[in-house]
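What follows is a short report on a single structure.
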Amino acid sequence: MASQLKGLDMEISEGFLVHFIMTSLPAQFGPFKINYNTQKEKWKMSELISMCVQEEERLKSEQPDSAHVAITGPSKGKGKGKGKGKKFGKGNVQGNKSASVTKTDKASSSGTKGSSGPRCHFCKDKGHMRKECHKFREWLEKKDSNDLDYGVKMNDINSNSIDYAPWGVVPPHVHPRATEILTVLEGVLEFLQTGDVFVFPVGLVHYQRNFGHGNVVSLSTLNSQNPGVITVANAIFGSNPSIPADLLAKAFQVDKNLVDYLQ
């Protein structure tokens, strides 16, 4: 698809292709997606293909193999008596004998650490899953996160429709855990026309403003179920405990009385 679009002078970034492939994977790759979202660095296409092949092999190894065998014994002594048949072993079972044998993959049934056992996608060691990995828990603690489902929250998409009245403003803010894609559906939003798309990277301070040219409708899409939002004004002038007024006065080069008023 990328090569076809490149022939039409429409190039797609490698990061977009990686994200597109991750969202297209089946439900069996759920833990694999979670591991990707918890990585410190994003994968390249070659790395993604290699990891997908390894994950597919792991899923195949965890599926048990089973076989059912039926054995029928021939009946002898026809006409010697009603209801009489061949005896099997020490018992007095008459008629046909059937047995069902199930073969289960030892690697999937054993809980010991082995070469074909489960693999942790965080530390790459075998014998345990990511949720049981102590290195993963330590990494979460360093990130000041008490939620072990952090990766799950990073796996979804959040979309919101925003209606702007004339001269309406979305104040400066940041999303600490998501990148935002803003699409103007109707009207003119500052320098963006209808149909324009703008990307705000994660952690970038941004705002939206309608200059009063009628109503405006936009669609905001974020690549996280829990993107978070921090309003800059509240974080600076409404923090608890508050930032010293003399420090803010020097930072913004304004009078201290004005800072006291804003706080």
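The values are calculated or read from the model by the stated rules, or taken from the named source; none is laboratory data. Every value quoted in this text rests on a predicted model; they were computed, and no experiment measured them. Every residue, glycine among them, receives a Cβ derived from its backbone with ideal geometry; neighbour counts consider all protein chains shown. Note: areas computed on protein heavy atoms with side chains; ligands, DNA, RNA excluded. Shrake-Rupley method; radii C 1.70, N 1.55, O 1.52, S 1.80 Å.
Of note:
- Residue 188 open to solvent by 80 Å² or more (accessible area, probe 1.4 Å) and among the β-branched types (Val, Ile, Thr): no
- Qualifying residues in the range 173-191 (those that are aliphatic (A, V, I, L, M) and under 31 Å from the mean Cα position of the chain (by Cα)) - the one nearest to residue 227 (Cα to Cα): 178
- Inside the range 205-263, residues that are out of contact with any strand residue (DSSP E or B) (no Cβ under 7 Å at 6 or more places or on another chain) and under 30 Å from residue 20 (Cβ atoms) make up a count of 3.
- Residue selected from the range 178-193 under the condition part of a loop (DSSP other than H, G, I, E, B) and modelled with pLDDT under 90, by the criterion nearest to residue 234 (Cα to Cα): 190
- Breaking point among (1) in contact with a helix residue (DSSP H, G or I) (Cβ under 6 Å, 6 or more places away or on another chain); (2) surrounded by 17 or more Cβ atoms within 10 Å (Cβ to Cβ); (3) of a type in the set (D, E, K, R), for residue 177: (1)
- If the condition is being open to solvent by 60 Å² or more (accessible area, probe 1.4 Å) and assigned to a loop (DSSP other than H, G, I, E, B), then the range 237-253 contributes 240, 241, 242, 244, 253.
- Among residues of the range 218-236, those that are surrounded by fewer than 16 Cβ atoms within 10 Å (Cβ to Cβ) and assigned to a helix (DSSP H, G or I), counted: 4
- Restricting 174, 259 to those that are modelled with pLDDT of 90 or more and either in contact with a Pro (Cβ under 6 Å, 6 or more places away or on another chain) or among the aliphatic types (A, V, I, L, M) (or both) reduces the list to 174.
- The conditions of being modelled with pLDDT of 85 or more, open to solvent by 60 Å² or more (accessible area, probe 1.4 Å) and farther than 21 Å from residue 211 by Cα are not met by residue 143.
- Of all residues making up the range 37-60, the number that are open to solvent by less than 30 Å² (accessible area, probe 1.4 Å) and modelled with pLDDT of 75 or more: 4
- When 215, 257 are checked against the criterion of being touching a residue at least 12 places away in the same chain (Cβ under 8 Å), more than 30 Å from residue 36 (Cβ to Cβ), polar (S, T, N, Q) and open to solvent by 40 Å² or more (accessible area, probe 1.4 Å), 215 stands alone in meeting it.
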